[in-house]
Structures are given as C-alpha cells and as structure tokens.
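Visitor: Would you mind keeping the following structure in view while I ask a few things?
What follows draws every value from the coordinates through simple rules; no lab data is involved. Bear in mind that the values here come from a model prediction, so they are computed numbers and not experimental data. Virtual Cβ from ideal backbone geometry, glycine too; neighbours counted across all protein chains shown.
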Amino acid sequence: MPLSCHAFIAASLDGFIARPDGSIDWLEPFNAADEDHGYDAFIADKDGIIMGRGTYETVLGFGQWPYTRPVIVLSHSLTVDDIPDSLADHVAITDMDPTELVAALAEEGWQNAYVDGGQVIQSFLNAGLLDQMTITRVPVLLGSGRPLFGSVAADMHLNLIGSRSFPSGLVSSTYRIAANR
Ligand SMILES: NC(=O)c1ccc[n+]([C@@H]2O[C@H](COP(=O)([O-])OP(=O)(O)OC[C@H]3O[C@@H](n4cnc5c(N)ncnc54)[C@H](OP(=O)(O)O)[C@@H]3O)[C@@H](O)[C@H]2O)c1
C-alpha cells in the first residue's frame with residue numbers, strides 16, 4: 001500500500017512558518033492548553049514523522065521531546081552521531097531523497113506520515129509525494145521569514161476538504177493535492 005503523506009503546519013497570514021532566524025515565538029500566544037487546533041486528531045493515525053533538519057533543530061531546542069511517534073530527519077549534514085543518546089530510540093537521520101524514503105517506509109509498513117518543515121514540504125510537493133496539507137493560518141503579518149511555499153514547476157491544484165476556525169483567530173484548512181500519484 002502506498003504511504004500517504006500529510007503536512008500539518010501553521011503559517012502567518014503572509015505565508016511564513018518561522019522568522020528569518022527560525023524563531024516561532026509568534027506562535028506562543030496561540031499555544032493554549034485547552035485547544036490543540038486539531039493536532040491530536042491529526043496525529044492519531046500517523047505512523048511517524050518525516051521532518052527537515054531545520055525543524056528538528058528547533059524542536060531539539062524545546063528541551064522536552066514532544067513526539068511519541070518515530071521521527072525521521074532528512075539531512076545531508078547530520079549523521080547518527082549527532083543524535084543525543086536520549087533520542088536514539090526515537091530519531092533516525094537519513095540522506096535518502098524523498099521518493100526513496102517514502103518507498104522504504106511503505107515497505108516497512110508505514111501507511112500515513114506527517115511531513116514537517118517548509119523546505120521538506122516543498123520537496124515533497126514538487127516530487128508529487130504530498131497527499132494532504134492542513135495549513136493553519138495565524139492572524140499575524142511577519143513581513144519576512146522562512147516561507148511555507150516556494151517555486152513550483154507548474155500550477156498545482158488543491159481541493160479543499162474542510163476548514164475550521166477557532167476562537168483564537170486561527171483558521172485551519174485541509175486540502176487534498178489534486179491528481180497526486
Ligand atoms: N509554523 C510551523 O508550524 C512550523 C512547523 C515546522 C517548522 N517550523 C519552523 O520552520 C523552520 C524549519 O523549516 P525550514 O523550511 O527552514 O527547514 P526544514 O524543511 O525543516 O529543513 C530543511 C533542511 O532539511 C534538509 N534536507 C534534506 N533533504 C531535504 C530535502 N529533500 N528537501 C528539503 N530539505 C532537505 C536540509 O538540511 P541539510 O543541510 O542538513 O541537508 C535542509 O536545509 C524552523 O525554524 C522551524 O521552527 C515551523
């Protein structure tokens with residue numbers, strides 16, 4: 001069975017996922033204990049998480065590892081020796097290209113993966129590997145930062161599956177990428 005890849009990511013209204021230095025401090029006011037903005041339901045059927053080195057390094061900085069699922073970090077610069085001992089059972093590093101990785105994980109029995117990180121999401125999109133995206137728009141303009149999206153070889157069409165707004169002002173929309181695989 002092919003591996004279904006889903007992104008779940010917050011972006012400023014002007015399309016950034018982080019400040020230029022990688023900071024996501026602008027998300028903090030929205031991290032309420034009593035509102036997960038759909039995350040628990042999203043993660044429930046995921047076999048694991050594929051993320052870019054940029055995202056991994058931010059999460060490492062949190063101090064406490066937030067994931068209960070296996071995490072695979074895409075990187076050409078990190079090696080297994082860079083993984084802290086405390087995470088050795090939870091994190092793997094790979095320099096496979098996304099198509100190879102998705103095939104290998106499907107072979108291992110993964111059915112649904114959470115794909116995270118702006119550059120990695122763009123790679124998956126351009127390789128035709130992303131099936132769905134849940135984008136949560138945050139009502140803030142950052143003016144500059146790390147973009148969620150980049151160039152595409154041709155127009156890419158998406159179908160809206162559903163949209164939900166929260167009292168906090170966040171608006172979360174889930175799209176299926178049309179004509180994918
Ligand atoms: N707003 C949100 O919800 C949200 C979610 C996630 C992350 N973030 C923030 O976004 C920032 C990270 O995103 P990002 O776009 O800068 O980086 P990213 O996608 O997390 O990581 C990019 C890095 O992954 C490695 N990589 C290996 N293979 C790749 C491939 N096929 N495609 C793309 N990258 C590949 C490269 O590192 P090497 O040089 O090691 O090869 C590349 O520099 C962080 O600041 C994080 O805090 C925000």
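Visitor: Quick check of the Kirkwood formula: for the range 55-117, what is the inverse mean of 1/r over all pairs of different Cα atoms, in Å?
Guide: Values: mean 1/r = 0.0790 Å⁻¹.
12.7 Å is the Kirkwood radius here.
Visitor: What does the charge add up to near residue 158, with Lys and Arg as +1, Asp and Glu as -1, over the other residues with Cβ less than 14 Å from its Cβ?
Guide: Values: positive: 176; negative: 131, 155.
Its environment carries a net charge of -1.
Visitor: Taking H as built 1.01 Å from N, whose amide H comes closer than 5 Å to the amide H of residue 4, not counting residues under 5 places away?
Guide: Those qualifying (amide H under 5 Å, at least 5 residues apart or on another chain) are 112, 113.
Visitor: If you place +1 on the Cβ of every Lys and Arg and -1 on the Cβ of every Asp and Glu, how big does the dipole about the Cα centre of the range 50-111 come out, in debye to the nearest 20?
Guide: Numbers: 2 positive and 10 negative charges, 57 e Å.
For the range 50-111, the charge dipole is close to 280 debye.
Visitor: If you average 1/r over all unlike Cα pairs in the range 32-78 and invert the result, what Kirkwood radius do you get in angstrom?
Guide: The answer is 12.2 Å.
Visitor: Along the positive direction of the dipole of the chain (beta-carbon charges: Lys, Arg +1; Asp, Glu -1; about the Cα centre), which of 172, 154, 33 reaches farthest?
Guide: 154
Visitor: Using only Cα atoms, what is the ratio of the radius of gyration of the range 4-177 to 2.2 N^0.38 Å? Intermediate results must be reported in sequence, preceding the final value.
Guide: Values: Rg = 15.7 Å, N = 174, 2.2 N^0.38 = 15.6 Å.
Here the Cα radius of gyration is 1.01 times the empirical estimate.
Visitor: Averaging sequence separations of C-alpha pairs under 8 Å and six or more residues apart, then dividing by the length of the chain, give the relative contact order as a whole percent. Mind dumping the intermediate values first?
Guide: Numbers: 303 pairs, mean separation 64.3, N = 181.
Contact order relative to length: 36 percent.
Visitor: Moving to a separate point now. Using the Cα centre as the reference, give the magnitude of the dipole from point charges on the C-beta atoms of the range 4-177 (Lys, Arg: +1; Asp, Glu: -1; all else neutral), rounded to the nearest 20 debye. Before the final figure, lay out the partial values.
Guide: Values: 8 positive and 23 negative charges, 131 e Å.
With Lys and Arg at +1 and Asp and Glu at -1, about 620 debye.
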